[in-house]
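J.: Sending over a structure as structure tokens; questions will come in a sec.
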Amino acid sequence: MNIRNAVNDGTFGAPRLELQQSWWAMWQLGEHGKEWTMEQKFEKIAEAGYAAISAAVPPPEERQEWHRLLDRYKLGFNAIAFPSRVEDIVRSIEEASQFGSVQYMNLQVMDGFVIDQQATELLSGLLSRAKEAGMPTFIETHRGTLTQDLIRTAAYVRELPELRLMIDLSHYVVAGELNGSLARAEEYFAVLLERTSGIHARVSNGEQVQIDVGPEGDHPMLPHFERWWRTGMRSWLRQAQPGDVLPYVTELGPPGYYAITQRTAARKEMEISDRWQQALLFKRLAEALWQQVLSEEE
């Protein structure tokens, strides 16, 4: 049973970064006006060098196909769930166990109106049940959820030593309209980054939660996110043990959610960004940042 609340591959190898792709981020991606098929998406993910997919546990009627494709393309799987009560995670873990080979659970805890002591008790209960089941479980920093408030989330981290985070600071940047000075936010970010157990890659500019940083990554907000990702990697590595795995998930949302679009003459919403190429850019950035962190340890 894994009682450390960490992803571990069961080896004595050096702690490592694992590049993963969000399945939600593959929605509506394709070429020549046609969305890729499910298998084409798996193929693209594998060809790009990702090691795993992040998704909700598929319904029973889809699981055989999921297993076929995961096996064919040699991809791992991690699950996302949306509990609002302690009992909810029991069902989620049962579903993950039935699906099999789930690396970890990522929770967006509902909802944003649960705060303070009630929130702390809910987080503690969720993590306790996950620990009993031996399932590594991380809480995502996300708008519209229990962790939507940066200051309160830092307080939860201070109060709950078992709380480990899936870091996505784009939500705090846009929610706090942090498009100017970041000095007041940095001390809270530091508290959260000390509990990094995974990273969701997305860049906000303080007005939109997801922006195109350019094909070469020359947007002025990107260096901030690179600094935060590197800090999270460094904090995680300092606490890691042999065989531990740090998930870095590129997660760029589709139209209707996060992607910025423009309406054509035919009244079709077209993305202004090449979301797949942006994901690959973030992947390359993560690889470079990880090498920087490793070089600091030498």
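J.: Pop a pseudo-label 7 angstrom from the Cα along the beta-carbon direction at both T261 and D111 and give the gap in nm to one decimal.
T.: The two pseudo-label positions are separated by 2.5 nm.
J.: Return E187, E271 ranked ascending by Cβ neighbour count within 10 Å, so the fewest neighbours appear first.
T.: Numbers: E187 9, E271 16.
In order of increasing Cβ crowding within 10 Å: E187, E271.
J.: Which value in deg cm²/dmol, rounded to the nearest 500, describes the helix-derived mean residue ellipticity at 222 nm for the chain, given -39,500 (n - 2.57) per DSSP H run of n ≥ 4 and division by the residue count?
T.: Working: 9 runs with 123 residues, N = 298.
So the calculated ellipticity at 222 nm is -13000 deg cm²/dmol.
J.: Continuing with the same structure: For M105, M270, what's the fewest-to-most ordering of other Cβ within 10 Å of each Cβ? Intermediate results must be reported in sequence, preceding the final value.
T.: Working: M105 24, M270 12.
Sorted ascending by nearby Cβ count, the order is M270, M105.
J.: For each of F225, F113, count neighbouring Cβ atoms within 10 Å of the residue's Cβ, then give the residues from fewest to most.
T.: Values: F225 22, F113 10.
Starting with the residue having the fewest Cβ neighbours, the order is F113, F225.
J.: How far is the Cα center of segment 224-298 from the Cα center of segment 29-96, in Å?
T.: The two parts, judged by their Cα centres, are 18 Å apart.
J.: Multiply the residue separation of E207 and V86 by 0.36 nm, subtract the distance between their alpha-carbon atoms, and state the gained length in nm to one decimal. Write down the numbers at each step before the final one.
T.: Details: separation 121, 0.36 × 121 = 43.56 nm, distance 3.37 nm.
Stretched fully, the E207-V86 segment lengthens by 40.2 nm.
J.: Only residues of segment 185-207 count here: report those whose backbone N is under 11 Å from the spot 7 Å along Cα→Cβ of Q239, or say none.
T.: Within reach of a label on Q239, which here means backbone N under 11 Å from a point 7 Å along Cα→Cβ, segment 185-207 contributes 191-198.
J.: Same structure, new question: Which loop GluC sites (Glu not before Pro) in segment 122-176, with loop taken from DSSP, have no more than 16 other Cβ atoms within 10 angstrom of their Cβ?
T.: Details: sites: E132, E140, E159, E162; in loops: E162.
Here the GluC sites (Glu not before Pro) that fit, given the DSSP loop and packing criteria, are E162.
Where a number appears in this text, it was derived from the coordinates with a stated rule and is not lab data. Model, not experiment: these values are computed from the prediction. Heads up, the Cβs are rebuilt from the backbone with ideal geometry, glycines too, and the neighbour counts pull from every protein chain shown.
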